[in-house]
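Asks: Quick one: structure below, then a few questions.
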Amino acid sequence: MLNKQSLSVAIVSVLCCAAVQVDGAKPAKGSGGGNHIQRGIQLAQEKHYDAAADEFGKAIQQNPKDPRGYANRGTAYRQGARTAIAAGDSEGASTRYQAALADFAKYIELAPKDASGYVEHGQTLSELRQYDAALADLNKALELKPDDLNAVKFRGFAEIGLNQWDKAVADFSAVIQKKPDDLQSYDRRALAYRSMKNFDAAIADYTFLITKNPNDMEATTKRGYTYSLAQQYEKAIADYQAVIKVNPQDNDTFQRMQYAQSMLTAKNASPSPTPPIASPTPEEEKGLMGKISPLYIGIGVVALLIIAVIVRLVTRGKAEPSSHRIR
């Protein structure tokens, strides 16, 4: 449903926008690296993620046993990867993602009972579409901390990647129950509902998003698409028109609207009636059988015998043609 221009941004917004913020806690007394951590946090807030990662790296050099240094640097690497994706730099994104995974793995090694390390590692795997491995991490996080809503939410992302729609609905519903204004969970749950062909539930979630933000053209487009799948073409057209009014250059939505209009025309067209072939009623069949009396049968047999006799008389005495075949 997304055009090429917005695809990379959509990947970030769909999977990644609920990123855990860089840890702003001060290191323990005597742990070292405090200045570098604070400087890294400042750079990350200014979206200078590579520079932030360098600062966190210096903090790690001063205190390689502090898991927060790896957590912070891993987060900076991951944010840098997302920025690279948005810029079309897939190679740079891949390099940063691998560095993030290594840091989060080190985080888990140093703090194996901390659920956050598994959440961060699993979230990063999910962004790399390694959904099975991500699911294992997130389930481990929930074993350690069953009420971790971030783990539940990111597990929902992984379940969507694995087409486990019912499980994704359950996880996003659990998040919404605790955080009823988590708009991203409504969006992802709507996708899961739509994939299950539960169009009414999907439309309800998209409508909630639009109610919260009437200018959310992405949610309006998605609701229009869902209406179209549900063959509610009039409502789909209305949503598409609202989007095109805001962005007249949105050719993708314009084409979807044309499709919905053509389907609505076909749906409303009255088919030309085909006259049914009349079959005789039981009474008519009985009448026809009544007309075939034994008298008519006898006359037919006599006529056939007369024809046979005449043919025999005409052909009697004629010479049979000789055969020229070589025997």
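Bear in mind these aren't lab numbers, they're just calculated from the coordinates by the rules spelled out. Every value quoted in this text rests on a predicted model; they were computed, and no experiment measured them.
Asks: Quick one: compute the contact order of the stretch 52-139, relative version, from alpha carbon pairs under 8 angstrom and 6+ residues apart, as a percent.
Replies: Worked out over the stretch 52-139, it gives 23 percent.
Asks: Using only the Cα atoms of the stretch 119-277, what do you get for the radius of gyration and for Dmax, in Å?
Replies: My reading of the Cα-based Rg and Dmax gives 19.5, 73 Å.
Asks: Where Rh denotes the Kirkwood radius from the mean inverse Cα pair distance, what is Rg over Rh for the stretch 195-266?
Replies: On the Cα set of the stretch 195-266, Rg over Rh gives 0.96.
Asks: Return the Rg/Rh ratio of the stretch 70-172 with Cα-based radii and a Kirkwood Rh.
Replies: 0.98
Asks: Determine the gain in length on full extension of the stretch Ala111-Asp252; use 0.36 nm per residue of separation and subtract their C-alpha separation, reporting nm with one decimal.
Replies: Length gained, Ala111 through Asp252: 46.0 nm.
Asks: Take the alpha-carbon centre of the stretch 42-111, take the same for the stretch 129-196, and report the distance between them in whole Å.
Replies: Centre-to-centre (Cα) distance: 24 Å.
Asks: Quick one: of Lys197/Lys267; Lys212/Lys245; Lys179/Lys267; Lys212/Lys235, which pairs are farther than 30 Å apart, Cα to Cα?
Replies: With Cα atoms farther than 30 Å apart: Lys179/Lys267.
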